[in-house]
Amino acid sequence: MRLGLALGYWGRGPSPDQVPLAQEAERLGYHSVWTAESWGSDVFTPLTWIAARTSTIRLGTAVAQMAARSPTTTAMHALTLDHLSGGRVMLGLGLSGPQVVEGWYGRPFPKSPLTATREYVDVVRQVLRRQAPVEVDGRFHPLPYRGADGTGLGKALKPITHPLRADLPVLLGAEGPKNIAQTTRIADGWLPLYWSPNRPEVYEASLAEAPEGFLVAPMAQVRVCDDVAEGLLPVKTMLGFYIGGMGHAARNFHADLMARMGYEEQARRIQRLFLEGRREEAVLAVPDAFADEISLVGPRERIAERLESWRKGPVTDLLALAPDRESLRVLAELNA
């Protein structure tokens, strides 16, 4: 099982720790470093900044939001950074949700998300292969554009710049069972938001047809500390925000996922409290058991014992949301 460093997206401003953490992860032998985006910092600029200050560590997006860019634009970002970094890019893509897609990007959330994802990946693959001008007779991402409001002058094109790698890895941040199953057919890997090594049955059917070499790269908060309950608070804070606030009361993919993982009643309570403005109560309502099974928190010996269960399943890459160098170092030593 390889290790990655997940840095997430910026909060109020850029963190001065991101580049030093990425450099330390590279020194410790981590395979990859990953950035993210929501509705603030973008995913590619910080990754480019890190690329210029590292030399071997792979550079991943977890995730680049599809609504933020046309698929050709995303492919241009990926092929450009892949050249500049010497072939280190791993392109993680995600749909996000209706609130962000429609509220921030001003686009309709696709009524057929599987089709929209499939078309998006198809365009990206065609750009990277550069075998012919890109053409997709698609519902969501038609190329060239043939809509009634167009000029009809669109021309199928292939990139001027020759991509460094036609097989640049594409991973998808899928959550629903059908979306995960499709991911095994059209992508090189999957980026689970929550992963519990104690509940393999949650994803077993969706991953049944995953091909040889398919990547499973979940994120997990990693924190070496003496007090487990205190160490779980940042995990619960994250869960409270995602389950309570990252979606509508009637359509929240993160809450639905928590429900499928055996915590339906608790997920709905977290949602209700968060939407009522009782955010601290929502965080405290996150069960310690759930926060614990999707993270690696506690003394070194406890993390070592729990790490074994992560290794036994299909996980190929553990992307650690680690806040400090000590946690990074301990994880690297335990995984050696």
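Summary of values
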item: Where THR237 falls short, out of the listed (1) in a helix (DSSP H, G or I); (2) touching a helix residue (DSSP H, G or I) at 6+ places or on another chain (Cβ under 8 Å); (3) under 25 Å from GLU37 (Cβ atoms); (4) open to solvent by less than 70 Å² (accessible area, probe 1.4 Å); result: (4)
item: Checking VAL170 against (1) within 30 Å of GLY298 (Cβ to Cβ); (2) modelled with pLDDT of 95 or more, the condition it does not meet; result: (1)
item: Only listed residue being open to solvent by 70 Å² or more (accessible area, probe 1.4 Å), without any contact (Cβ under 8 Å) to a residue 12 or more places away in the chain, part of a loop (DSSP other than H, G, I, E, B) and of a type in the set (A, V, I, L, M, F, W, C), chosen from LEU153, LEU157, LEU164; result: LEU153
item: Any hit, the stretch 121-139, residues being closer than 24 Å to TYR203 by Cα, under 26 Å from the mean Cα position of the chain (by Cα), in a helix (DSSP H, G or I) and not hydroxyl-bearing (Ser, Thr, Tyr); result: yes
item: Count of residues meeting criterion [open to solvent by less than 30 Å² (accessible area, probe 1.4 Å), at pLDDT below 95 and touching a Leu at 6+ places or on another chain (Cβ under 8 Å)] in the stretch 177-230; result: 1
item: Of all residues in the stretch 294-321 being part of a helix (DSSP H, G or I) and either of a type in the set (Asp, Glu) or within 21 Å of LEU207 (Cα to Cα) (or both), the one that is most open to solvent (accessible area, probe 1.4 Å); result: LYS312
item: Selection status of ASP42, open to solvent by 20 Å² or more (accessible area, probe 1.4 Å), in contact (Cβ under 8 Å) with a residue 12 or more places away in the chain and charged (D, E, K, R); result: yes
item: The one condition in (1) in contact with a strand residue (DSSP E or B) (Cβ under 8 Å, 6 or more places away or on another chain); (2) open to solvent by 30 Å² or more (accessible area, probe 1.4 Å); (3) among the hydrophobic types (A, V, I, L, M, F, W, C) that TRP10 fails to fulfil; result: (1)
item: Residue identified as closer than 13 Å to LEU232 by Cα, at pLDDT 95 or above and aliphatic (A, V, I, L, M) among ALA291, ALA285; result: ALA291
item: Which numbered condition ALA255 fails, given (1) open to solvent by 30 Å² or more (accessible area, probe 1.4 Å); (2) hydrophobic (A, V, I, L, M, F, W, C); (3) outside any loop (DSSP other than H, G, I, E, B); (4) closer than 21 Å to ALA174 by Cβ; result: (1)
item: Those residues of the stretch 37-73 which are in a loop (DSSP other than H, G, I, E, B) and farther than 14 Å from LEU7 by Cβ, in sequence order; result: TRP39, ALA52, SER55, THR56, ARG69, SER70
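The values are calculated or read from the model by the stated rules, or taken from the named source; none is laboratory data. Since we're looking at a predicted model, the values are computed, not measured. Cβ coordinates were reconstructed from backbone atoms using ideal geometry, including for glycine residues, and neighbour counts include every protein chain displayed. Protein only, heavy atoms only, side chains kept; ligands, DNA and RNA dropped before computing areas. Shrake-Rupley method; radii C 1.70, N 1.55, O 1.52, S 1.80 Å.
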